[in-house]
Structures are given as C-alpha cells and as structure tokens.
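The values are calculated or read from the model by the stated rules, or taken from the named source; none is laboratory data. This one's a predicted model, so the numbers in the text were calculated from it and none came from an experiment. Cβ sites come from the backbone with ideal geometry, for glycine too, and all protein chains shown count toward neighbours. Remember, those area values only see protein heavy atoms, side chains included, never the ligands or the DNA or RNA. Shrake-Rupley method; radii C 1.70, N 1.55, O 1.52, S 1.80 Å.
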Amino acid sequence: MKVYDDMEENGCQPDLWTYNAMISVYGRCGLPGKAYQLFNELESKGFLADAVTCNSLLYAFARDGNVEKVKEICEEMVKMGFGKDKMTYNTMIHMYGKRGKHDLAFKLYRDMKLSGRNPDAITYTVLIDSLGKANKIAEAANVMSEMLDTGVKPTLWTYSALICGYAKAGKQVEAQETFECMVKSGIKPDLLAYSVMLDILFRFNEMKKAMTLYREMVHDGFLPDNGLYQVMLRVLRRENKFDAIEKVIRDMELLCGMNPQVISSVLVKGECYDHAAKILRLAISNGYELDRENLLTILSSYSSSGRHSEECELLEFLKEHAPGSHQLVNEALDVTLCKTPICCEENELLSDASQVFSDMRFVGVAPSEHLYQSMARIYCKMGFPETAHHLIEQAESKGIQFDSVSIYVKKKRKEKRKKRRRKIKIKVKVKEKKIRQKN
C-alpha cells in the first residue's frame, strides 16, 4: 500500500497489473470497499478489467462474507464475457463453506464439474475443511475419495483438514489411518497435523502411541503449544506417569525456553499440582513474581485433598522468599489456617485440627468467631472440655459471645467432672475394701 501511495505522489501512473495487485491486496487485508473503489477507478483511467481483476474483487467480498455482492460480481463477469474459472469456483465454495451453507458449496462443486472445470487440490481441500468443521465427516471423507479417484494428489493441507475433521468427530482410528496414509505418501506432517494427532491420542488414552508421536514431533523440530502441553500433562497425571511428566517439564524448559513461572502455570492448568508447587518455589527463588491465580489453585487442590500441612508449608516458604507478595501470602495464609481446622473437624481429624490451630496461634493469625466455635467443639470431642472452656473465655474477653456452643462446652465440662468424681468414688471404695480385707 505504501508503494502504491508513493507511486501516486510521484506521478507514476499505475497500469492494469498494478490495479489488479492492489485490488488483491485490499481484498486480503479485509478492505473490500477500497478494492471496489480501485475497480471503479480503473475504467476511468482507460483500462478494461480482466478475469484476474474480477476474481480479485470477488475474493475481497467473499472474504468479507458479502454473498449478495459476490453474486452481483459473478453476474457482471458473465456479462463481460468471463466464465467462472477454477479461482471463481474455489472462492465461492470457500465462502459458502465458511458460512455453513454446505448445500450451496456442494452445488457449486457439482456445477464446476459439469461445466468442464476440473476441481483442483484447492477445491477439494476447501470442501473437506468446511465439511469437517461442520461435523459432516462422512461427506468430507467422500470428497477425499472422489479426489483420489480423479487422480488429484492430496496436499498437506488436505490431509490436515481431514485429520482435523476426524478429530472433531472423535474418530481416533480414522484420524490415525489418515495420518499414516499421509506419511506413507511422502508428505511430512506439520505442526498442525502433529498437534491434532497428539491431542486425539491423549484424549483416547493411547499413551504409548502419543508419547512416541511426541518424540517424533520434537525430533522434526515442532513443539506443542501451551494448550497441548496442558492436555498431555492432564492425561499423564491421571495415569500417574510421573517420569513422563518430568521429561515433559524438561522439554518445556530446555526446548521451548519457558521460564519457571510459565512452566508452573502450564502445570497448574494440566492439574499437576505437586510439580507446579515445586516449580513455583523455583520461580520465586529465581526472582519471578508470584502469580495469584496459580497459587490459589494449588492451595485449593491441597485443601480439597486434606493436605493441610503441605498447604501451610508452601505458604510459609512464600512468606519468607516472596517479599513483594506479603499481602497476598498473608491473606492466603489467614484463609488456609482459618478453614483448615474446620475441614479437619468435618473429617474427624481432631488431632490435626488441634495442631493447625496451635500453628495458627504461633504465627499470630487471629481466629474468627466460627473458628473459635469449631475448636471449642473439637476440644470437647477430644476430651478436653476445660481447654474448650478456656478458649471460650478468651473469645468472650474479646467481645465474642457464644450461646449454644458455650452451653455445649459447659455440659461437656460438667459431664467430665461427674465422671471424674465417679472415678474418685470408685477408687475410694476399692481402697476401703482392701483395707477391710487386711483387717
């Protein structure tokens, strides 16, 4: 565009080739209005549009999805004596396929063949791609068969389009057969073909095939994106393939050049929380900022699995080594410590709750009203109503009032005193009996 503007500024008059090139450029840049403006200007300059001009303008409006304008330009082409050539048909078939009008795309495909215009690799690829995206995989496979029957050699894009269609339809076997057929034909897979096949193999739990293909992919110089790594890691974690996870982490670091912060984020999204926590520590030690979302997700996984001590250990590490994130770490630590004893109570882990509560008091976290209530009940269940009563007195001295819990604790304390008096009476009676027997 700059060159064209410079031509005009310097009084250099464009010729038909220049107009055709600029109409094509405007079309590919999504500027059909500019392309149409040049098309109209061309005639005023004494040039007559040719088939290339018309097809370039047609492409501009087809790319924009303006079906009515495309029809109008087609009619003008016929009036000007230009029939629909392969470029015209391919452009329109792609437009209809992209808009989900597959019947119209097929009709054009049939018209093309009847008019003596033999479809080329682009025609077939466009049809297969649009049908696959619309979940019409049977029709896409039929088009591939027709393509092979007519002797047109599928390209990398043709195979990739069909593989993507099979993957979308969940047809793992057919996708793999198509991939193998492509390789046997001498076509090397590209990043898209490798990525789609890896994705579908992992989703169908074909671990051995998936890891073999992954190694081939890396060997050929292609690397998965973060999304595919997340799929891989999620499946490897589910199958407890920890060695494979470690290898993938090394690849992300050495081959992809990811820093620890990014690797930790990918691991979190891949649900490898233990590995994510380990790499998070490394990231913090290397001076990277703490990612709030990743941290909270890791803590949530620890909490939901009852691994409260590991949750606290991670936070204590971050409190010491992430000075710029003290507020976030302290907030998370407060939430963790406050909810952990309650979770322990729900799961009858009374000793664990007592230990966490002691740790919480040690680091200076003030218990909430709900936590005071929970710990009072826990101490009673553990057989320490006096400790529970002392805790309630502490809470009441801070202005926190309890009704039902206080009554419950007093009841338990009274029961324990009765049991103690009963035991003392029994001991006294036993002692008196022994004395009488001696006498």
Review point. So what are the ³J(HN,Hα) numbers for region 59-69, from phi and the Karplus equation (6.51, -1.76, 1.60; θ = phi - 60°), rounded to whole Hz, Gly and Pro as x?
Key: 4, 4, 7, 5, 4, 7, x, 8, 4, 4, 5
Exercise for review: Net charge near Arg28: determine it from the other residues with C-beta under 14 Å of the C-beta of Arg28, scoring Lys and Arg +1 and Asp and Glu -1.
Suggested key: +1
**Study point:** Pair-distance profile P(r), taking every C-alpha pair of region 133-271, with 5 angstrom steps and integer %
**Key:** 2, 10, 19, 21, 17, 13, 9, 5, 3, 1, 0
Revision key, fill the gap. Counting only protein heavy atoms and leaving out ligands, DNA and RNA, the solvent-accessible surface of Val183 at a 1.4 Å probe, in Å² to the nearest 10, equals 70 Å²
Practice item. Return the subset of Lys208/Lys269; Lys34/Lys98; Lys188/Lys208; Lys188/Lys241 for which the Cα-Cα distance in this structure is over 27 Å, preserving the input order. Key: Lys188/Lys241
Study note, to complete from the structure: Rounded to the nearest 10 Å², the accessible area of Thr297 using a 1.4 Å probe with every protein chain kept is 50 Å²
Revision key, fill the gap. Computed ³J(HN,Hα) along region 108-121: with the Karplus parameters 6.51/-1.76/1.60, θ = phi - 60°, integer Hz and x for glycine or proline, the list is 5, 4, 5, 4, 4, 5, 5, 7, x, 8, 6, x, 10, 4
Point to revise | Solvent accessible area, Å² - Lys153, 1.4 Å probe, full protein context | key: 140 Å²
Point to revise | Solvent-accessible surface ranking, highest first, for Val268, Val152 at 1.4 angstrom | key: Val152, Val268
Exercise for review: Working with all protein chains in place, sort Leu127, Leu148 by solvent-accessible area computed with a 1.4 Å probe, largest first.
Suggested key: Leu148, Leu127
Review point. ³J(HN,Hα) across region 77-94 via Karplus (A = 6.51, B = -1.76, C = 1.60, θ = phi - 60°), whole Hz, x for Gly/Pro?
Key: 4, 5, 4, 7, x, 9, x, 6, 9, 4, 4, 4, 4, 4, 4, 6, 4, 5
**Study point:** Among 60-73, 89-102, the order from most to least packed when residues are scored by Cβ within 10 Å on average
**Key:** 89-102, 60-73
Check your understanding: Which trypsin sites (Lys or Arg not before Pro) in region 119-203 pass both tests, a DSSP loop state and at most 15 other beta-carbon atoms within 10 Å?
Key -> none
Review point. Per residue, how much accessible area does region 245-310 have with a 1.4 Å probe, in Å²?
Key: 48 Å²
Review point. Ordering Met147, Met211 from largest to smallest accessible area (1.4 angstrom probe), what's the sequence?
Key: Met211, Met147
